[in-house]
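I have placed the structure first, in the form of structure tokens, so that the comments after it can refer back to it.
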Amino acid sequence: MKAGVFFNKHDLRITEIEKPILKSGEVLIKVMACGICGTDVHIFNGDGGCFPTPAGTVLGHEFSGIIEKVGENVTTLKEGDRVCVDPNELCGECYYCKSGIGHFCEKMTGIGTGVNGGFAQYCTVPQSQVYKICDSTTYEMAAMAEPVACCIHGIDMCNISCGDTVAIIGGGMIGMIMLQLAKLSGASKLIMIEPVLEKHEIAKKLGADICIDPTNQSAAEVLAANGIDRISTVIECVGKVETINLAIQIAGKKSTVMMFGLTAPDDELKIKPFEIFQKEIVLKASFINPYTQKRAIELIDSGKIDVASFIYECAPLEKLPVILSDASLRRKGKFIICPNEV
């Protein structure tokens, strides 16, 4: 079968590998859609993701498909089921798992980051990590369940209250998901800060009241002109030191800054503790998707969250190395790889 195999920095090849063999408790999934994530880009660029990625690993952790075969002792799934995958398998035995914070599991298996994932025509997955999707949800939409699950964890930590004003920095896929989740959480005013003007229209469609181009506009001036007295939550979805600094600058008094975007591992942030003190800002970060995959699927299946509007292109597997290496291409929107399409 064809697969996108990571070998080293800037070295991902589409190559033929053996079709995986089922083990007890696993299902064989024919992969229909797999999203390209910022973590994939970090791994491709040699920065690493949440977990170490050995050479020879098939990347891809945002994926959905059809169950082609079930292994022994699989009791909850059957052939033909339409499913998506939670890629983070917990051991259930370590200190963190037993303390209810399993996303810090000491023996976690990362499907598509530490072991073979969804940038392939087929993938074997433990039944514990597989979730059924409804018939009205497309495979492309279902592939977005993992990033939505991560965003739900982040939005939960923001503690947004009804009537709050929330700013999102970064109008990529994550920013657009966060925008909608903030609205569902009760925010009455939503601000999108994004330099690509084409994304402003999508943001407005999804609920943004104000869109700011930080390249040509002063965020502070636009906020003042629109009578924004206080931003209670700022969610940074870019993963750059400059945008984290902007988040702290525009955050209001008694506010939360969620540093959701994944920075390079060696990036350092200079902050002024006195500014944090003066405004009583709470700085937070969010790590993967603990126990939120089911909620994500329910939101997508119900249509309460739109994950289709910011999908830019569904591309064949052969295009994966080009997309990973071209930042200007990725800025156009979310790319979904369809490994079983030519």
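Restricting the search to helices (runs of 4 or more DSSP H) fully inside region 216-329 and requiring at least 1 residues that are within 30 Å of Glu341 (Cα to Cα) and either touching a Gly at 6+ places or on another chain (Cβ under 8 Å) or free of Cβ contacts under 8 Å to residues at least 24 places away in the same chain (or both) gives 293-302, 320-325. Taking region 287-312 as the range and being more than 17 Å from the chain's Cα centre (by Cα) and under 18 Å from Gly35 (Cβ atoms) as the test, only Asp301 passes. For region 168-203, a tally of residues being under 15 Å from Ser255 (Cβ atoms) and under 18 Å from the mean Cα position of the chain (by Cα) returns 3.
Note on region 11-51: residues that are in contact with a helix residue (DSSP H, G or I) (Cβ under 8 Å, 6 or more places away or on another chain), surrounded by 14 or more Cβ atoms within 10 Å (Cβ to Cβ) and farther than 22 Å from Asn88 by Cβ amount to 1. Quick one: would you say Val74 is aliphatic (A, V, I, L, M) and part of a strand (DSSP E or B)? Here the answer is no, as Val74 does not meet what is asked. Applying the criterion of being more than 22 Å from Ile212 (Cα to Cα), under 18 Å from the mean Cα position of the chain (by Cα) and at pLDDT 95 or above to the residues of region 249-286, the residue that is surrounded by the fewest Cβ atoms within 10 Å (Cβ to Cβ) is Ala285. Scanning for something of a type outside the set (Ser, Thr, Tyr) and assigned to a strand (DSSP E or B), does region 91-109 turn up at least one residue? No, there is no match, as no residue in region 91-109 is of a type outside the set (Ser, Thr, Tyr) and assigned to a strand (DSSP E or B). Of the strands (runs of 3 or more DSSP E) lying entirely inside region 121-185, those containing at least 3 residues that are in the same structural domain as Gly65 (by TED's automatic domain parsing) span 122-126, 130-132.
Conditions tested, residue by residue: (1) more than 27 Å from Glu318 (Cα to Cα); (2) at pLDDT 95 or above; (3) touching a Cys at 6+ places or on another chain (Cβ under 9 Å); (4) not hydrophobic (A, V, I, L, M, F, W, C).
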site	(1), (2), (3), (4)
Thr124	no, yes, no, yes
Ala142	no, yes, yes, no
Ala149	yes, yes, no, no
Ile152	yes, yes, no, no
Cys162	yes, yes, no, no
Thr165	yes, yes, no, yes
Gly172	no, no, yes, yes
Met178	yes, yes, yes, no
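Residues that are aliphatic (A, V, I, L, M) and in a strand (DSSP E or B) within region 330-342 comprise Ile336, Ile337, listed in sequence order. The residue of region 185-227 that is farthest from Lys270 (Cα to Cα), among those that are touching a Cys at 6+ places or on another chain (Cβ under 6 Å) and surrounded by fewer than 19 Cβ atoms within 10 Å (Cβ to Cβ), is Gly186. Considering only region 22-39, state which residues are assigned to a loop (DSSP other than H, G, I, E, B) and either at pLDDT 95 or above or at positive phi (or both). Listed by number, the residues that qualify are Leu22, Lys23, Ser24, Gly25, Ile36.
Residues checked against (1) of a type in the set (A, V, I, L, M); (2) closer than 30 Å to Ala3 by Cα; (3) exposed (fewer than 13 other Cβ atoms within 10 Å of the Cβ); (4) in the same structural domain as Glu89 (by TED's automatic domain parsing):
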{"position": "Asp229", "(1), (2), (3), (4)": "no, no, yes, no"}
{"position": "Lys240", "(1), (2), (3), (4)": "no, no, no, no"}
{"position": "Ala247", "(1), (2), (3), (4)": "yes, no, no, no"}
{"position": "Tyr291", "(1), (2), (3), (4)": "no, yes, no, no"}
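Restricting to region 309-333, and then to whatever is of a type in the set (A, V, I, L, M, F, W, C) and at pLDDT below 95, can you tell me which residue is surrounded by the most Cβ atoms within 10 Å (Cβ to Cβ)? Within region 309-333, the match that is surrounded by the most Cβ atoms within 10 Å (Cβ to Cβ) is Phe310.
The values are calculated or read from the model by the stated rules, or taken from the named source; none is laboratory data. Note that the structure is a prediction, hence the values are computed from the model and not measured. All Cβ positions, glycine included, derive from the backbone under ideal geometry; neighbour counts span all protein chains shown.
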